Amino acid sequence: MQLTDLTEIAGWVLVGGASARALFSAVAFAGRRWRAARLDREYITLFDELADKALKKFDGERQRLQQAWSGRRKFRIVQRTYENQRKDICSFYLTPYDNQPLPPFHPGQFLTFHLKVPGQPQPVVRCYSLSDSPTERRYYRITVKRLWAPANAPQGTPPGLASSYVHDRLQVGDVVEALAPSGAFCLDLKSQRPVVMVAGGVGLTPLVSMLNALVATRSRREIWFFYGVRNRTEHAMYDHLDRIRRAFPNVRLVVAYSRPTPTCRKGIDYDIEGHVGVTLMKPLLAARSCEFYVCGPSAMMDGITKDLAAAGVPPEDIKLEAFGAAAVKATSKRSAAPAADAGQTFRVEFARSGRVVQWTKSDGTLLELAEAHGVKARCGCRAGVCGTCQAGLRQGEVDYIQRPAREPGAAQCLPCITQPRSDVVLDI
Ligand SMILES: Cc1cc2nc3c(=O)[nH]c(=O)nc-3n(C[C@H](O)[C@H](O)[C@H](O)COP(=O)(O)OP(=O)(O)OC[C@H]3O[C@@H](n4cnc5c(N)ncnc54)[C@H](O)[C@@H]3O)c2cc1C
Ligand code: FES
């Protein structure tokens with residue numbers, strides 16, 4: 001055999017060896033990928049089972065414990081934390097005074113507080129949404145915005161009674177009283193449909209509870225969170241939302257600043273300039289069947305609901321939460337019950353107070369009528385959700401200008417969201 005033959009053979013051996021090694025590496029790589037994919041599949045199945053079990057356990061506990069607390073319950077404030085640069089939004093962490101377990105709640109629900117505000121003859125009743133995930137079992141959290149007198153209000157208009165008290169007076173160690181979680185603005189944790197949350201200002205609180213619940217249960221749903229505020233100084237829970245945006249690829253956060261200042265960074269602090277509107281959601285509307293949860297100022301909620309309806313979203317897929325008087329007043333002016341003409345008057349008797357007055361459409365709700373005539377009427381949310389104003393309807397009929405969160409009992413009504421349809425006699 002000649003030297004060139006030997007060189008050729010050696011060359012072939014080397015090429016063969018290299019090819020075999022390449023083939024071996026490719027097979028090993030493919031094997032590793034296949035094993036990794038199998039482990040991923042097993043992990044995902046296991047995780048889904050665990051998440052499902054956790055949800056079932058959580059639901060079971062909710063059913064069992066929700067009955068356990070009726071009337072007011074005492075809570076101790078264990079932490080307070082400002083949530084924005086302006087320091088007008090503050091979170092309060094509450095633990096039960098009796099050290100008994102905390103009942104789970106549905107993300108989106110609220111607590112109704114009876115606050116002992118100095119100078120007030122009776123406890124001031126106000127609702128505050130629970131703002132953290134119900135899977136967080138160590139505390140309840142609420143997040144309260146301090147309300148100043150509206151810019152267009154007459155000189156001397158007082159700031160918000162309860163929110164000022166909560167911000168100025170309530171400190172760590174103080175005790176407050178609240179009714180059990182309630183409200184129908186709840187996220188369906190078992191659904192797998194894409195979920196779109198739309199928050200305006202402090203209306204983010206129940207939606208953050210929903211968002212936290214979704215990420216805490218490692219939901220793989222497509223999740224959109226639209227948040228509208230004026231600028232960076234009002235932007236609440238900035239770091240928390242940013243962390244979620246970066247950690248969970250299925251969560252898309254869209255922040256709109258309506259009045260950005262020169263120091264607000266587009267693309268970092270916020271995504272778009274302007275208001276949150278349905279135009280931002282167009283791609284979602286065309287392609288998928290989403291569930292919408294909206295909470296914010298009345299103008300924003302009105303606009304979004306109308307535009308979603310116009311885009312063909314069925315009403316049962318749009319859930320709304322109103323934060324009280326402002327929203328209700330706006331609604332009552334706009335959509336007074338059809339039975340009442342502008343010039344029509346009804347006789348309203350507040351039986352317990354012994355007052356008889358006339359109602360016309362411009363008087364607004366029966367609660368507003370009572371207040372305007374100095375009739376003392378209990379109220380809390382002024383939005384038909386807390387039930388505090390519930391009163392006996394001895395005679396006559398009323399129209400609801402807004403759907404109540406819970407139907408009042410027989411021969412009862414919620415004056416904060418009703419107008420008379422005939423002469424009425426109320427147990428107030
Ligand atoms: C279901 C639900 C959930 C809620 N969740 C939250 C939440 O998570 N966070 C939150 O911050 N809020 C929430 N709210 C709103 C909250 O319950 C209170 O309505 C809010 O804190 C304002 O209460 P206040 O006592 O401070 O203001 P109020 O004393 O009721 O006053 C409201 C506004 O009216 C102005 N005002 C007072 N008197 C007059 C007058 N004579 N003329 C004109 N204007 C006047 C005040 O300056 C103030 O701006 C929620 C409400 C509901 C119904
Ligand atoms: S005040 Fe809450 S339901 Fe009327």
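The values are calculated or read from the model by the stated rules, or taken from the named source; none is laboratory data. As the structure is a computational prediction, the values presented were derived from the model and not from experiment. Neighbour counts run over all protein chains shown; Cβ positions are idealised from the backbone, glycine included. Heavy atoms of the whole protein, side chains included, go into the accessibility calculation; ligands, DNA and RNA do not. Shrake-Rupley method; radii C 1.70, N 1.55, O 1.52, S 1.80 Å.
Numerical summary
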| read-out | value |
| --- | --- |
| Selected residue [out of contact with any Gly (no Cβ under 8 Å at 6 or more places or on another chain), modelled with pLDDT under 95, open to solvent by 50 Å² or more (accessible area, probe 1.4 Å) and more than 20 Å from L393 (Cα to Cα)] from A311, A325 | A311 |
| Criterion (within 16 Å of ligand 2 (Cβ to nearest atom) and at pLDDT 95 or above) met by exactly one of S129, S182, S133, S163 | S129 |
| Subset of segment 194-210 (residues that are open to solvent by less than 10 Å² (accessible area, probe 1.4 Å) and within 22 Å of T112 (Cα to Cα)) | A199, G200, G203, L204, T205, P206, L207, V208, S209, M210 |
| Test for Q358: is it part of a strand (DSSP E or B), of a type in the set (S, T, N, Q) and either within 16 Å of ligand 2 (Cβ to nearest atom) or at pLDDT 95 or above (or both) | yes |
| Filter result (open to solvent by 40 Å² or more (accessible area, probe 1.4 Å) and closer than 17 Å to A162 by Cβ) within segment 340-389 | E371, R378, R382 |
| Contacts under 7 angstrom Cβ, first residue in segment 150-176 being more than 7 Å from ligand 1 (Cβ to nearest atom), partner open to solvent by 60 Å² or more (accessible area, probe 1.4 Å), 6 or more apart | V172/V78; V172/Q79; G173/R76; V175/K74; V175/R76; V175/Y97 |
| Checking I272 against (1) touching an Asp or Glu at 6+ places or on another chain (Cβ under 9 Å); (2) open to solvent by 40 Å² or more (accessible area, probe 1.4 Å), the condition it does not meet | (1) |
| Sole residue being within 14 Å of ligand 1 (Cβ to nearest atom) and under 20 Å from D427 (Cα atoms), chosen from A351, A405, A372, A391 | A372 |
| Of residues in segment 393-415 being at pLDDT 90 or above and in contact with a Gly (Cβ under 9 Å, 6 or more places away or on another chain), the one surrounded by the fewest Cβ atoms within 10 Å (Cβ to Cβ) | A411 |
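For every residue, the table says whether it meets (1) at pLDDT 95 or above; (2) surrounded by 15 or more Cβ atoms within 10 Å (Cβ to Cβ); (3) not in a loop (DSSP other than H, G, I, E, B).
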{"position": "W224", "(1), (2), (3)": "yes, yes, yes"}
{"position": "Y227", "(1), (2), (3)": "yes, yes, yes"}
{"position": "H235", "(1), (2), (3)": "yes, yes, no"}
{"position": "P260", "(1), (2), (3)": "yes, yes, no"}
{"position": "V276", "(1), (2), (3)": "yes, yes, no"}
{"position": "L285", "(1), (2), (3)": "no, yes, yes"}
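Conditions (1) among the β-branched types (V, I, T); (2) within 12 Å of ligand 1 (Cβ to nearest atom); (3) farther than 24 Å from F323 by Cβ; (4) not in a loop (DSSP other than H, G, I, E, B), marked per residue:
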site: D98; (1), (2), (3), (4): no, no, yes, no
site: P104; (1), (2), (3), (4): no, no, no, no
site: Y128; (1), (2), (3), (4): no, yes, no, yes
site: D132; (1), (2), (3), (4): no, yes, no, no
